[in-house]
Each structure stands twice: as structure tokens, then as C-alpha cells.
Amino acid sequence: MSNDRDVEMTLPVAEFVAKLRELADTLEQGGDFSVDVEGETVTVAKSAILSIEHEREDGREELEFQLSWETDADDEDGDEDEEEAEGVDDEDEAEASDKSEAAA
């Protein structure tokens, strides 16, 4: 059975900003950041790679704040880590996912 997932979640500006603020504070403090994305709680691994991606195609621009990490099917608790859906994509992401969209 595959755990592949690719979802997008659109948020009001205030909620998006609050999530980004919480993410930034948590990263800065070295804590665990979790976010609910379309009914699934996703916890960002401390080993996550943080990046910013910019895409431009066919008159559309996209700016993505990405957090990515490898999942380990045999972690300490026996639970499988959940990968963030990159926070915001065409929505506002994961992620936290996490991704944000910007138009030129």
C-alpha cells in the first residue's frame, strides 16, 4: 500500500501568516513543528532541508517555501513519518507544506 500524497490547502491570509510565524519560531527554537493538512497531521523532521523555489511559466509565477525530508518506515515509535505536502502550492503550503504562491 502506498502512502503517496499530494494535496493543497488554501488559507486566509491571517491563518497563513500565523502558521508561518509558528513555523519560524519553532525552527528557531529547535522544536518540533506539526501542522494539520487536509485532515492529516504532518510533523516536520528536524533533519528537514529548507529551501525557497521560484517558478515562472506561461504568465504565472510561483514562490514556494519548502521543507523536505526523507521518511523512515522504521522510526523509533514504529510509526511512519508523514511528509509535508510542501505546505502551500497553488494554495497559499505544508509546507508547511510551507509553500506560498506569488503572482508578478
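The values are calculated or read from the model by the stated rules, or taken from the named source; none is laboratory data. Since we're looking at a predicted model, the values are computed, not measured. FYI the Cβ positions are ideal-geometry reconstructions off the backbone, even for glycines, and counts take in every protein chain you see.
Could you give every pair whose Cβ atoms fall below 6 Å, whose first residue belongs to the stretch 3-17 and is assigned to a loop (DSSP other than H, G, I, E, B), and whose second residue is at pLDDT 95 or above and not hydrophobic (A, V, I, L, M, F, W, C), counting only separations of at least 6 or pairs across chains?
No pair meets every condition.
With GLU62, GLU70 as the choices, which residue is over 18 Å from GLU8 (Cβ atoms) and surrounded by 10 or more Cβ atoms within 10 Å (Cβ to Cβ)?
Working: GLU62 fails: over 18 Å from GLU8 (Cβ atoms).
Exactly one of GLU62, GLU70 is over 18 Å from GLU8 (Cβ atoms) and surrounded by 10 or more Cβ atoms within 10 Å (Cβ to Cβ), namely GLU70.
Could you pull out the residue among GLU82, GLU62, GLU95, GLU101 that is at pLDDT 50 or above and not small (Gly, Ala, Ser)? Don't jump to the end; show me each part of the working.
Values: GLU82 fails: at pLDDT 50 or above; GLU95 fails: at pLDDT 50 or above; GLU101 fails: at pLDDT 50 or above.
When all the criteria are applied, what remains is GLU62.
Would you call THR41 polar (S, T, N, Q) and touching a strand residue (DSSP E or B) at 6+ places or on another chain (Cβ under 6 Å)? Walk me through how you get there before you give the answer.
Details: polar (S, T, N, Q): yes; touching a strand residue (DSSP E or B) at 6+ places or on another chain (Cβ under 6 Å): yes.
Yes; evaluated as a whole, the condition is true for this residue.
Does the stretch 24-46 hold any residues that are of a type in the set (Ser, Thr, Tyr) and either over 16 Å from TRP69 (Cα atoms) or not in a strand (DSSP E or B) (or both), and which are they?
Just the residues of the stretch 24-46 that are of a type in the set (Ser, Thr, Tyr), to begin with: 26, 34, 41, 43.
Answer for the stretch 24-46, where residues must be of a type in the set (Ser, Thr, Tyr) and either over 16 Å from TRP69 (Cα atoms) or not in a strand (DSSP E or B) (or both): just THR26.
Can you tell me which residues in the stretch 28-59 are surrounded by 12 or more Cβ atoms within 10 Å (Cβ to Cβ) and of a type in the set (Lys, Arg)?
Listed by number, the list is empty, since nothing qualifies.
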